[in-house]
Structures are given as structure tokens and as C-alpha cells.
Amino acid sequence: MIDVAVVGSLHLDIMVAAPRLPGLDETLIGSSWGTKCGGKGGNQAVAAARFGARVQLGGRTGADDFGEQLRRNLVEAGVDVTYVGIDDAHGSGMSVAITETHGEYGAVVVSGANLTIDADAIEREWAPLWDCKVLLLQNEIPEAVSLAAARAAKRRGAMIVLNAAPARPSDPAFLELVDVLVVNRVEAAMLGGSDDASIALKALHRPARDVVLTRGGDGLTIMGRDGGVFALPALPVKMISSHGAGDCFCGALAARLAAGDNLGEACAYARTAAGLFVSLDETGKRGLSDEMVRQRMI
């Protein structure tokens, strides 16, 4: 049995540094650019592996240079890519992300081959993925694929963790399969029907579901299955860039849940991992480890 199975997106991110996001019809002069392997599925799989989990990923790339980079990055991070297919007819997913001087960012995503996964085929073709402790899902692939994956893994006894990002309406039948729902303020408001976080949490809560609301520099709020609510403050750090912090949090959370931590313990670990992540440059992010997180646990 593997620890964490991830079914999700793979994108090659083109990262642009600029003083701020451009306005409508504005051409803004940036200061630098580079590429980074991403997609929420890929990012979260890498994070889970970085923090000690045995990880397999189900996804798809194009038969192009971007796809080769994405698959190589996963393998180098220790992620099993047996079920990462190659689509000869569609290009790999990609995004353009603009990071501001103070670390905030905006992005545009082109999904490409991520949208061509056959939801009707994955239960059979990816059968070994469902023998996992935790299945980690996001919203960058078609919901039909995530629903099929959740049903297959649930039948094998896996814990289903959904990071409902980016925000989009969700099929209630899909949400009913979710054991741990991770949302930010925007996603909570959309799914919970209210901009008031406490009202949204109550709307999203179920007796068989935990809800984790991430609030960036304000920490996070957890509503457990018993309806109890508790908060964790953010790790006090100087932020360099918030890009990818949510994926780091979710990968770390899944790794610790698979290792047997309860939700509070797993969230405390993931909060620390994400806090360190935003305070590091790209070289530091790649070197972030379980040992570094445990040294900063508060």
C-alpha cells in the first residue's frame, strides 16, 4: 500500500517577476522570468514526497518538452509516475504567473492534456493507485475524473482529501465522499454560500467530514467532525513569495495524515511547512525537508 495517491494536474509554470500586476490594457516592465514545474497535482505530490510519504501520481502531460520536464521533476522528487500518461494530440498544461515585489501573485492557466484524462477508464487502468492510505485531489482536472478516483479509493478504504482549489461549484455527490475538505476564503465562500467564514464552515461541515480553512498570514481554522472549531496561528516569518504555499500545505497535510497523525497534529505540521515555504527562495524551497519543519514546530 502506498501512503499518498494524487490525482491531479501537471503544468509548467512560467514565472515572471514584476513590481505589481498589470492593469487592463497595460504593458508592464518586469525584472526577470523563469520556469517552474507545477500544477496543483504535481506540486502537492512533490510536497507529500518531500515530507516523507510514498507517493504515486495519476495525471497526463503532452508529448512535448514541457511534459518531459514535468515527468523528470516528479521522478527526481521521488514520485512514482507510472500512471502519468502522455497525450500525443494535446500539449502539456502550462501557466503564466506574475509575482509582485511583496510576494503576492496572479496566474493564468492553460490546462491542455490535463483535460483529456478518461474518467471512465481510470478505475481499471490506474487500479494500483486506489490501494492508498490517502487520496489527495484538487480542482484543476475535470470533476468527473476526481469523482471516479474518489469512488475507487473510497471503496478500498482510503481517506479522501480535497483541496477545493481553484474555486468552482462542486457536485454534492463528489463532496459527500470527501473526508477532509481544505479551502481558502474564496473557496469557502463559494461552496459555503457566505462571505462570513463561520457561516461557511457550518454549511460545509458534515458528521463524516473535517473542514480546514486556510487564511494565509492569519493562520487557519479547523472545524472537526464533532463540530468543534479551533484555530492555529500562522508561522511568524518574512514572506518572499506565497506562490505554491497552499500546495505545500496540502502535500504536507496528506503526508502526515497517511503517517497516522490526527487532524490537529497534521495541520500544525502543514502550517509550519507552508510558513517556511513562503520564506524561502526557489533554492531553499527545493531543499525544504521534514527535519527543517520539525525544528520550527511551535
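Of all residues in region 162-186, exactly one satisfies the criterion of being basic (Lys, Arg) and in a loop (DSSP other than H, G, I, E, B), namely 168. Consider residue 73 carefully, then state whether it is closer than 30 Å to residue 208 by Cβ, of a type outside the set (Gly, Ala, Ser) and under 18 Å from the mean Cα position of the chain (by Cα). When the stated conditions are applied, residue 73 does not pass them. When residue 79 is tested against (1) surrounded by fewer than 18 Cβ atoms within 10 Å (Cβ to Cβ); (2) over 14 Å from residue 12 (Cβ atoms); (3) in contact (Cβ under 8 Å) with a residue 24 or more places away in the chain, exactly one condition is not met: (1). When residues in region 4-30 are screened for being touching a Pro at 6+ places or on another chain (Cβ under 9 Å) and closer than 11 Å to residue 98 by Cβ, 2 of them pass.
Scanning region 27-48 for residues that are touching a residue at least 12 places away in the same chain (Cβ under 8 Å) and surrounded by fewer than 24 Cβ atoms within 10 Å (Cβ to Cβ), we see that the one that is nearest to residue 121 (Cα to Cα) is 37.
Annotation note: Cβ proximity below 6 Å between a residue of region 9-26 that is farther than 14 Å from residue 91 by Cβ and a residue that is acidic (Asp, Glu) (sequence gap 6+ or interchain) occurs for 20/100.
Where strands (runs of 3 or more DSSP E) sit wholly within region 59-137, those with at least 1 residues that are within 23 Å of residue 150 (Cα to Cα) occupy 79-87, 93-99, 132-137. Name the single residue, out of those in region 252-267 being in contact with a Lys or Arg (Cβ under 7 Å, 6 or more places away or on another chain) and either within 19 Å of residue 6 (Cα to Cα) or in contact (Cβ under 8 Å) with a residue 24 or more places away in the chain (or both), that is surrounded by the fewest Cβ atoms within 10 Å (Cβ to Cβ). Only one residue tops the list, namely 266.
Once region 103-118 is narrowed to residues that are among the aliphatic types (A, V, I, L, M) and surrounded by fewer than 19 Cβ atoms within 10 Å (Cβ to Cβ), the residue that is nearest to residue 238 (Cα to Cα) is 107. Could you grab the pairs with beta carbons closer than 9 Å, sequence gap of 6+ or different chains, first residue in region 178-203 and in contact (Cβ under 8 Å) with a residue 24 or more places away in the chain and within 15 Å of residue 231 (Cα to Cα), second one in a loop (DSSP other than H, G, I, E, B) and of a type in the set (A, V, I, L, M)? Listed pairs, sorted by first residue: 182/164; 182/165; 183/164; 183/165; 183/167; 184/164; 184/165; 184/167. The condition of being modelled with pLDDT of 90 or more, in contact with a helix residue (DSSP H, G or I) (Cβ under 6 Å, 6 or more places away or on another chain) and surrounded by fewer than 17 Cβ atoms within 10 Å (Cβ to Cβ) holds for only one of 247, 195, that being 195.
Given 191, 253, 257, which one is part of a helix (DSSP H, G or I) and more than 25 Å from residue 53 (Cα to Cα)? Selected residue: 191, the only one of 191, 253, 257 that is part of a helix (DSSP H, G or I) and more than 25 Å from residue 53 (Cα to Cα). Put simply, of 210, 281, 218 the only residue that is charged (D, E, K, R) and under 28 Å from residue 130 (Cα atoms) is 210.
When each of 120, 65, 88 is tested for being without any contact (Cβ under 8 Å) to a residue 12 or more places away in the chain and among the charged types (D, E, K, R), the lone residue that passes is 65.
Counting the residues of region 119-147 that are surrounded by fewer than 19 Cβ atoms within 10 Å (Cβ to Cβ) and under 16 Å from the mean Cα position of the chain (by Cα) gives 2.
Looking only at residues of region 205-231 that are in a strand (DSSP E or B) and among the charged types (D, E, K, R), we find that the one that is modelled with the lowest pLDDT is 206. Just one of the listed residues (182, 212, 161, 178) is surrounded by 15 or more Cβ atoms within 10 Å (Cβ to Cβ), within 24 Å of residue 124 (Cα to Cα) and touching a Cys at 6+ places or on another chain (Cβ under 9 Å), and it is 161.
Scanning region 269-298 for residues that are buried (at least 18 other Cβ atoms within 10 Å of the Cβ) and in a helix (DSSP H, G or I) yields 269, 270, 271, 272, 273, 274, 275, 276, 277, 278, 285, 293.
The values are calculated or read from the model by the stated rules, or taken from the named source; none is laboratory data. Since the structure is predicted, the reported quantities are computational estimates derived from the model, not experimental observations. Note: ideal-geometry Cβ built from the backbone for every residue, glycine included; neighbour counts use all protein chains shown.
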